[in-house]
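Each value in this text was obtained by applying a stated rule to the coordinates, not by laboratory testing. The structure displayed is predicted, hence computed values, not measured ones. Reconstructed Cβ throughout: ideal geometry from the backbone, glycine too, with neighbour counts over all protein chains shown.
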Amino acid sequence: AIERTFSMIKPDATARNLTGAITQMLEEAGLRVVASKRVWMSKRQAEAFYAVHKDRPFFQELTEFMSSGPTVVQVLEGENAIARNREIMGATNPAEAAEGTIRKKFAKSIGENSVHGSDAPETAAEEIAFWFAGCEIVG
Ligand code: CMP
């Protein structure tokens, strides 16, 4: 089925001017960018967005990193978009990411791993609604 998922190009990647290169890999994987904007999130926004991880030992590091520079937030649309995006991103830890994936190619570490993508339909809907108004999504 045609789905939508939420994607972020993280500060380690925007710092290295990789927005275009990463977006091209998403597009070549069959995903369509139906919304996109560049944001510099506050620590508070990062904490709210990643609230599900608030009890994890890496929460401080994660939210500090995510508020350390610009991020590009996007909505991607396509056939099985959630799974497709996770496939093209590769494993969270770049050391475990498959050849040809975004994280294998660009990620620096498990924290500075260049991209985020929703893991399920419910989280995709929540994450899209966190960053985008309906009128900003143009399919
Ligand atoms: P992401 O898909 O954005 O969702 C949560 C993020 O937490 C994850 O990608 C990683 O970048 C980050 N993360 C997960 N595990 C660790 C860890 N052990 N140390 C630092 N960051 C982590």
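Given only helices, namely DSSP H runs of n ≥ 4 each adding -39500 (n - 2.57), what is the per-residue ellipticity at 222 nm of the chain, to the nearest 500 deg cm²/dmol?
That comes out to -10500 deg cm²/dmol.
Just to confirm a number: summing +1 for Lys and Arg and -1 for Asp and Glu over residues other than E122 whose beta-carbon lies under 14 angstrom from that of E122, what do you get?
-3
Tally Lys/Arg at +1 and Asp/Glu at -1 over every other residue whose Cβ is under 13 Å from the Cβ of A13; what's the total?
So the environment of A13 carries a net charge of +4.
Rg(Cα) of region 11-139 divided by 2.2 N^0.38 Å? Walk me through the intermediate numbers first.
Numbers: Rg = 13.9 Å, N = 129, 2.2 N^0.38 = 13.9 Å.
The value comes to 1.00.
Summing +1 for each Lys or Arg and -1 for each Asp or Glu, what net charge is found among the other residues whose Cβ lies under 15 Å from the Cβ of L76? Write out the running numbers ahead of the final one.
Numbers: positive: R4, R32, K37, R84, R86; negative: E3, E27, E28, E77, E79, E87, D119, E127, E136.
Local charge sum for L76: -4.
List the relative contact order of region 23-116 as a percent without decimals, with contacts defined as Cα pairs under 8 Å and 6+ residues apart.
Once divided by the residue count of region 23-116, the mean separation gives 28 percent.
Hey, got the dipole for region 73-132? About the Cα centre, +1 on K and R Cβ, -1 on D and E Cβ, debye to the nearest 20?
340 debye
Can you tell me which of K43, K105, K54 moves the most in a GNM of the chain? Springs connect C-alpha atoms under 10 Å apart.
K54
Pull out a ≥ b ≥ c, the square roots of the eigenvalues of the alpha-carbon gyration tensor of region 76-139, then state rounded if a/c is under 1.5, prolate if not and a/b is larger than b/c, and oblate in the remaining case.
Cα axes put region 76-139 in the prolate bin.
Counting only chymotrypsin sites (Phe, Trp or Tyr not before Pro) that sit in a DSSP loop (anything but H, G, I, E, B) with at most 14 other Cβ atoms within 10 Å, what is the longest stretch of the chain containing none of them? All intermediate terms of the calculation are to be shown ahead of the outcome.
Numbers: sites that count: W40, F58.
Longest site-free region, per DSSP loop and neighbour criteria: 59-139.
Only loop residues by DSSP count here, and only those with at most 14 other Cβ atoms within 10 Å; note down the GluC sites (Glu not before Pro) in region 63-139 that meet that.
Answer by residue number: E99.
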